[in-house]
Amino acid sequence: MSTILIVEDEKSIVDLISYNLKREGYDIMEAYDGQKGLELALSGSVDLVLLDVMLPVMDGFEVLRHIREQSALPVIMVTAREEERDKVLGLEEGADDYITKPFSVKELAARVKANIRRNTDFNKTIHEGDKYGPFDVDRSLQAISKDGKLLDLTQREYDIICYFLERPSQVISREELMEKVWGFEFYGDLRAVDVAMRRLRAKLEDDPAEPKYLMTKRGAGYYLQV
Ligand code: CA
């Protein structure tokens, strides 16, 4: 059972999200200001955070910065306006995903499911799996290691890498990635793909500024060379 922390100051929204995620089988924790949200996020008993931007005491961006200093916990930013969404996209080490109000309950549940960290025991020995250059894929554990070291990936990041690995050296457009990996309507905002690629490079590459594996084909998309 996974625990979702909702950090949101509007009680009616908290109640709506809480009710629907409980129906999906999640445990719910609630915080009504940024300070309390940060404390709970770092308490070790949370698997994913839904983080509102406009919050009392400490705003959502500051909460996110403090979480990221200590934790790779999945965070979905909940934004109210276009400009807030732009700010989210601008955060280099920021959110795993974002959702703009008003959102449908179905979309929210899909985002939570896609971003929740797999309950992986990182001490478990990685089985000999499919090998692609320096990368080892263990499909039963849904884990990928590089040079024998396990990569700390979200479910979506794992899905992205697998999608590339199944299509070696093939350029994949951002539209195709959005459709096949995200798997649902994303309001056509392809910058989310670029943000995901940047985060992936930080995890895959020795030097993200000089990528050797996850490559950009200008104007066409991305490809993985291994
Ligand atoms: Ca708010």
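To keep it simple, each residue is scored yes or no on (1) more than 12 Å from the ligand (Cβ to nearest atom); (2) at pLDDT below 85; (3) part of a loop (DSSP other than H, G, I, E, B); (4) surrounded by fewer than 21 Cβ atoms within 10 Å (Cβ to Cβ).
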| position | (1), (2), (3), (4) |
| --- | --- |
| L16 | yes, no, no, yes |
| G37 | no, no, no, no |
| V49 | yes, no, no, no |
| L55 | no, no, yes, no |
| H66 | yes, no, no, yes |
| V78 | no, no, no, no |
| D86 | yes, yes, no, yes |
| A95 | yes, yes, yes, no |
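For the stretch 104-122, taking the residues that are more than 14 Å from S18 (Cα to Cα) and within 13 Å of the chain's Cα centre (by Cα), the one that is modelled with the lowest pLDDT is identified as R118.
For the stretch 153-165, name all the residues that are at pLDDT 85 or above and over 11 Å from L204 (Cβ atoms).
Y158, D159, C162, Y163, L165
To keep it simple, each residue is scored yes or no on (1) acidic (D, E); (2) farther than 18 Å from A114 by Cα; (3) buried (at least 19 other Cβ atoms within 10 Å of the Cβ).
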{"site": "D147", "(1), (2), (3)": "yes, yes, no"}
{"site": "I160", "(1), (2), (3)": "no, no, yes"}
{"site": "Y163", "(1), (2), (3)": "no, no, no"}
{"site": "S169", "(1), (2), (3)": "no, yes, no"}
{"site": "E176", "(1), (2), (3)": "yes, no, no"}
{"site": "K180", "(1), (2), (3)": "no, no, no"}
{"site": "A196", "(1), (2), (3)": "no, no, yes"}
{"site": "P208", "(1), (2), (3)": "no, yes, no"}
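Within the stretch 18-35, restricting attention to residues that are under 17 Å from V75 (Cβ atoms) and not β-branched (V, I, T), the residue that is farthest from the ligand (Cβ to nearest atom) is Y26.
The values are calculated or read from the model by the stated rules, or taken from the named source; none is laboratory data. None of these values were measured; they are calculated from a predicted model. Neighbour counts run over all protein chains shown; Cβ positions are idealised from the backbone, glycine included.
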